[in-house]
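To start, the structure itself, in structure tokens.
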Amino acid sequence: MTTRFTRPSPDILRDDQDALEIRTDILIIGGGPAATWAAINAADTAAEHGLSVTLVDKGWCGASGVAATAGVGHWLTPPGAPQRRETFGVKDATGGGLSDWAWTDAFLDETWAQISRLPDMGWNRVQKKQTVPSLDLTGDNPSGVPYFRGPAPDYLRFLRGQVKKRGVLILDHSPATGLLVTDTRDAVAGAHGHQTQANRGWTVHASSVVLATGGTTWRSHSLGGDTNTGDGQLMAAEAGADLAAMEFSNFQGMVPFGTSMDKNGYFIQAEYRTAGGTPITYTDLHYSRVPIIEHSVRGTVYSRFSQFTPDQWGRVRSSMPNFFAVTDKLGIDPFTEFFPIDWVNEGTVRGTGGIRVDDTTCAAGLPGLFVAGDVAARDKITGAATGAGGPNLAWAVASGAWAGRHAARHASGQVRKDTGVHLDSIASARSGDRRSSSPDWGGSPTASGARCFP
């Protein structure tokens with residue numbers, strides 16, 4: 001028999017033309033895969049304790065950020081599967097031997113557990129409308145391995161529906177601009193921000209906050225990346241969290257020349273040549289793109305997706321229709337024609353830098369703060385190499401689930417409060433911990449905030 005729990009709603013303390021003020025137990029900041037999986041797991045855990053969950057997103061939850069412009073492709077292997085260790089070995093070598101097997105094994109276990117929930121959550125109804133099956137947990141297919149892939153809009157729309165189904169209050173177009181802390185500055189107490197469409201401020205008091213705001217693309221205008229400003233990293237750093245692996249955050253994505261369409265999956269095994277027609281050889285673009293970049297410094301490089309046979313073109317197009325919408329507008333057939341490419345900085349979205357997490361609670365900084373997805377560092381998974389595609393998306397699922405569950409557990413032991421002060425200074429102001437020797441950043445939060453926040 002299924003146990004049903006009461007799903008309480010947040011308390012609306014103020015709702016007028018000037019301000020919105022809410023009291024909730026768990027606050028999720030973000031609207032992509034990590035945020036929605038965090039909200040789902042937070043709500044499932046919170047229901048056992050009679051707690052409420054609220055999600056705020058600077059865009060429309062399920063339709064903003066880099067994930068909404070991509071295809072779904074998770075790093076998905078069942079526990080104990082031989083290919084898991086084999087794949088890890090390749091990733092570890094590519095990333096300079098910096099990955100952690102125990103950490104990777106744990107996050108892949110969690111990813112498998114969460115994706116395995118999809119059929120019971122109703123994914124089969126979505127899959128029936130798709131021309132190509134997107135989910136196979138059995139491995140009974142030509143590839144011989146389980147997979148979850150397909151258009152991301154279907155996936156994100158489905159996750160948004162699951163969040164709402166669990167009674168989570170969603171505030172769209174409501175970017176967060178700062179965290180709240182307790183009067184004694186020893187715990188997170190919520191967040192504040194602005195509702196762009198209502199043109200009013202909002203304040204949400206909460207015992208736990210999950211930051212799932214994505215990485216930062218350094219305002220490079222990569223596709224979907226203009227909303228990935230690094231605001232979550234800044235807020236976490238202000239609350240005492242540490243950054244990690246930021247030196248691995250200069251990843252360059254390939255785009256058709258003159259566009260921002262940086263969906264690179266098909267570029268990895270493509271054919272390349274110089275403007276003069278000289279073929280460019282490479283070993284593994286997952287490992288290094290230096291051979292292509294070196295030629296780009298000297299002149300324009302051209303690419304062609306000749307790795308696909310004509311009978312595969314239809315499936316390839318349906319898996320990433322937005323990419324081919326761009327090439328169609330340019331009058332290019334990327335399967336048969338060479339086309340010029342350029343580069344765009346994808347920062348910590350494709351790189352591995354972010355907020356450091358030390359265990360599977362995904363706690364960071366002050367008590368009550370948790371992080372998930374690209375806002376967190378992923379060097380334990382892929383080392384110095386990119387986690388683009390499968391690893392990053394699997395990490396979003398696992399870290400979202402971990403952060404959401406532990407945020408709810410943390411909130412279950414707290415007393416609701418309607419107080420809280422704005423957190424306006426970097427955590428070096430804290431004393432008595434390992435961060436107290438940090439430099440005095442002075443006006444850094446204000447200066448950084450001006451670039452991070454809308």
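The values are calculated or read from the model by the stated rules, or taken from the named source; none is laboratory data. The structure presented is a predicted model; accordingly, all values stated were derived computationally and were not measured. Here Cβ is always computed from backbone atoms with ideal geometry, including for glycine, and neighbour counts include all displayed protein chains.
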Test Ala237 against the stated conditions and say whether it is out of contact with any Leu (no Cβ under 6 Å at 6 or more places or on another chain), among the aliphatic types (A, V, I, L, M), buried (at least 19 other Cβ atoms within 10 Å of the Cβ) and more than 30 Å from Glu337 (Cα to Cα). yes
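Among the residues of region 39-60, which ones are among the hydrophobic types (A, V, I, L, M, F, W, C) and over 12 Å from Arg166 (Cβ atoms)? Give the steps one after another, and end with the answer.
As a first pass, look at region 39-60 and keep what is among the hydrophobic types (A, V, I, L, M, F, W, C): 39-40, 42-43, 46-47, 51, 53, 55-56, 60.
If the condition is that a residue be among the hydrophobic types (A, V, I, L, M, F, W, C) and over 12 Å from Arg166 (Cβ atoms), then Val56, Trp60 are the ones that fit.
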Filter region 157-196 for residues that are touching a Cys at 6+ places or on another chain (Cβ under 8 Å) and hydrophobic (A, V, I, L, M, F, W, C) and give the result. Val163, Ile170
Does any residue of region 328-339 turn out to be in the same structural domain as Pro256 (by TED's automatic domain parsing), of a type in the set (A, V, I, L, M, F, W, C) and part of a helix (DSSP H, G or I)? no
Among Arg117, Arg7, Arg23, which is free of Cβ contacts under 8 Å to residues at least 24 places away in the same chain, basic (Lys, Arg) and farther than 30 Å from Asp262 by Cβ? Arg117
Please specify each residue of region 377-414 satisfying the condition of being of a type in the set (A, V, I, L, M, F, W, C), in contact with a Leu (Cβ under 8 Å, 6 or more places away or on another chain) and farther than 22 Å from Ser116 by Cβ. Ala377, Ala384, Ala411
I'd like to know if region 223-232 contains one or more residues that are of a type in the set (A, V, I, L, M), modelled with pLDDT under 90, surrounded by fewer than 22 Cβ atoms within 10 Å (Cβ to Cβ) and in a loop (DSSP other than H, G, I, E, B). no
Within region 16-33, track down each residue that is in contact with an Asp or Glu (Cβ under 7 Å, 6 or more places away or on another chain) and small (Gly, Ala, Ser). Gly30, Gly31
Which pairs have Cβ atoms under 7 Å, sit 6 or more apart or on different chains, and link a residue in region 358-374 that is touching a residue at least 12 places away in the same chain (Cβ under 8 Å) to one that is surrounded by fewer than 21 Cβ atoms within 10 Å (Cβ to Cβ) and not in a loop (DSSP other than H, G, I, E, B)? Thr360/Ala106
When you scan region 43-56, do you find a residue that is charged (D, E, K, R) and either surrounded by 24 or more Cβ atoms within 10 Å (Cβ to Cβ) or not assigned by TED's automatic domain parsing to the domain that holds Thr217 (or both), even just one? no
Here is a list: Asp92, Asp109, Asp100, Asp120. Which entry is assigned by TED's automatic domain parsing to the domain that holds Arg157 and in contact with a Lys or Arg (Cβ under 9 Å, 6 or more places away or on another chain)? Asp100
In this structure, is Pro146 surrounded by fewer than 21 Cβ atoms within 10 Å (Cβ to Cβ) and either over 22 Å from Ala46 (Cβ atoms) or in contact with a strand residue (DSSP E or B) (Cβ under 8 Å, 6 or more places away or on another chain) (or both)? no
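Of all residues being surrounded by 15 or more Cβ atoms within 10 Å (Cβ to Cβ) and in a loop (DSSP other than H, G, I, E, B) in region 272-286, which is modelled with the lowest pLDDT? Just the residue, please.
His286
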Look through Gln269, Gln195, Gln252 and report the one residue that is surrounded by fewer than 19 Cβ atoms within 10 Å (Cβ to Cβ), in contact with a Phe, Trp or Tyr (Cβ under 8 Å, 6 or more places away or on another chain) and among the polar types (S, T, N, Q). Gln195
